Structure formats: C-alpha cells, structure tokens
1. Measuring from centroid to centroid over Cα atoms, what is the spacing of the range 179-193 and the range 84-141 in Å?
2. Looking at the range 214-255 from every direction and averaging, what is the projected area of its Cα convex hull in nm²?
3. By counting other Cβ atoms within 10 Å of each Cβ, how are Val80, Val153 ranked from fewest to most?
4. Roughly how many nanometres apart are two label points built 7 Å out from the Cα toward the Cβ at Tyr317 and Ile219?
5. With the contact rule set at Cα under 8 Å and sequence spacing of 6 or more, what percent relative contact order holds for the range 158-354?
6. Let me see the pair-distance distribution of the range 158-354: every alpha carbon pair, 5 Å bin width, integer percents in order.
7. Quick one: compute the contact order of the range 96-169, relative version, from alpha carbon pairs under 8 angstrom and 6+ residues apart, as a percent.
8. Starting from the range 147-215, pick out the GluC sites (Glu not before Pro) whose DSSP state is loop and whose Cβ has at most 11 other Cβ atoms within 10 Å.
Amino acid sequence: MTMPRCKLWIVWLSLGVVLCAFSAPAQSQQPPAVPGAKSGLPEAQGTGATAGRQLPDHLSGSISGTVVDQTGAGIAGARVRLSRQDQSPDQEVLSGDAGQFSFASVPPGPFRLTITSEGFTSQSSSGILPSGEIYTVPQVALALATAATEVRVVPSPTEVAEDQIKVEEKQRVLGVVPNFYVTYDHNAVPLTSKQKFELAWKTTVDPVTFGVTGVIAGIQQAQNDFSGYGQGAQGYAKRYGASYADAVTGTIIGSALLPSLLKQDPRYFYKGSGSKRSRILYAIANSVICKGDNGHWQANYSGILGSLAAGGISNLYYPAKNRDEAELTFENTLIGIGETAAVNLLQEFLIRRLTPNAPHHEPVDP
C-alpha cells in the first residue's frame, strides 16, 4: 500500500531533523552563573598585586668583600658601614682576621660602604645589589693615614726671663739714664743667678754710671767731703774711685750676690694703679720688702744686708779720719734705704713717663 505523498514528505523531513540532531557536536552545558556563588573550577591567575603575593619580584641578597692594606695583607677589626638610599638604618660589621666582611639579607638596590680603621685613611665604595644575588665588593685597600704631629715650642723660664731682661735694658730715662731694675710686668719670671749677675754687671759698666760717678766725685770735692783725700786731680781721682767702688759693691752684693743666695728678686715691680696714697705706701714699703723668686713678698734682706756689706767694705778705702766704722756703716745703710724709697717714688709717679721704651704695664698687687 502506498502512502500519500504529503505524509511521505513529512516522514522524510522528520528523519532529517533526527539525523541532524545526532550529527551536531556535543555542547557542554553549565548551569547559569549565580552572582556571588563560587564555581568548582579554579580561578584564573591574575596579574598585579595578586601575582606579587604568590611570586615575589624582589629577593634579598648579600654583600661581601675584603679589607687589606697597601701590601695586600688583611686588616682585622676594620669598621665597615653599609648605607642605603632608603630610610632603613645603617648596618655595621667588623672585618675578620683576614680582613673579610659580609652583610646578609640585604634588600636589592643601590648601597654605599664606608670602611674605617685606626691608622688608615677612610675609604668608600658604592654599588647596586641585584635582586637575590651575592655581590662581591672589589678588594678595598686602605692607605696609611698621614701622621699630623703638632709641636708646641714652649720657651723655658730662663728664656722668658732673658727676653724680659732685653726689654729692661732698653729702658732709659730720657733715653739716656739706665733704668734696668724696674719691671712693668707683675708676672715677670724670676731671674736666674747668672742673669742677676749679668744685669748687675751691665749696670756697673754702663757709660752713664761712669758719668754719674764723675759728677758725684766733683760735688764731693767741691764740698771738700772726705777731706783726707785732699784736693787737686789726685783728690778727685780718689773720690771718684771711692764713689765708683760704692756703686759697684752695692750693686753686686745687694742686687746679684745676696739675691742669688736668698732667692729674691732685686727689681722694683711697678704698681701704676690704685689711689695715690696706696702707690706712695707701696713705693716706700718696697725699700724694705721685695718679691721672692717664689712670687711671695718678703723682707728685703738682700738690699738691707747689701747696704751694710757695702758700708763695711767702704771703711777699707775711705780716709782714716772719715771712718767711724759702725757709725759710718749704718749711716750708709740708712742712706741707701732712703735713696731706694726716693727712687721707688720717682719710678711710680715720674720715671715711667720719661722712659720712651717702657712697655705697657699690668697692675701689681702688693
């Protein structure tokens, strides 16, 4: 029995649809994604911060090296400081026996090493540490430090005193009369025995001393003092000799010999400050007191005993009829003390003004 043509066409059409359905590739079906739900499949790996947590891009490394001297020998105990450009604190190590040093767990990037060691000049080294690498610094050779020696030349007290004497020897009243036995420095260094004798000798042989002695002898002859010497050239010569002998013995004994034995300073220490009354008393007192070589004030045994000694010696050359031994000796001593007080007053109020080369003074405390 034959089927109608329309039904046959429907059968063939249905058969084609079935065959097409079986021949199409299988499609995987997944349930629709629900917002907020997690899938059972692993998530795809991303980039940026997520990737950085799983695979770090910056790995720490290490820095090592050796510190040697110019001969190539290792320097032990050298201080090696590691500095970085970031805000991390500096690290510091000491080199080993062979001069080796090492820094571990150092972040990558620029760095600077500063190496110091006693007796050597400091040296710096810079570099860049790659990520996760071991960086070996080229051998660091330190040069010996240049020794800087400061030499201070301090003059001895004797040299200082010698300089002071040279200043005092330029002190001349009106630029002529010697004024050696006064100091305008209240901290003047004590004189040595040799310097005391040298100053006394220069005073006694100064041309002005000879001239003043001649004037004194002339006055004595005019007044016929020490008449036992007579008159005329012979009498003048005897008076001149006696007067010069008084000056020499008084200066040598009172300003050199006894000051050396008793350790006293024969100079007058200019005061130059305070009231007029205090300066007058100071000048008069200095005829019987003086400064010791130890810097303390004390009785002027040198001056007083020097006058007594000079008076006693004068009995050897004064005319017999003018000798009164003890009386003349004490008379000359008192005269010497009075003369010293008068000269000190002149020193304090007048002579310095008349002395062109007098240095700047500092006040003296009695």
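We did not get these values from a lab; they are worked out from the coordinates using the rules stated. In this text the structure is predicted, and so the values were computed from the model without any measurement. Cβ: placed from backbone, ideal geometry, glycine included. Neighbour counts: every protein chain shown.
1. 65
2. Working: hull surface 11.3 nm².
For the Cα atoms of the range 214-255, the hull's average projected area reads 2.8 nm².
3. The order, fewest Cβ neighbours first, is Val153, Val80.
4. So the two model labels end up 1.9 nm from each other.
5. This gives 22 percent for the range 158-354.
6. Result returned by the calculation: 1, 8, 14, 19, 20, 16, 11, 7, 3, 1, 0.
7. Relative contact order of the range 96-169: 23 percent.
8. Details: sites: Glu150, Glu159, Glu162, Glu168, Glu169, Glu198; in loops: Glu150, Glu169.
Qualifying residues, ordered by number: Glu150.
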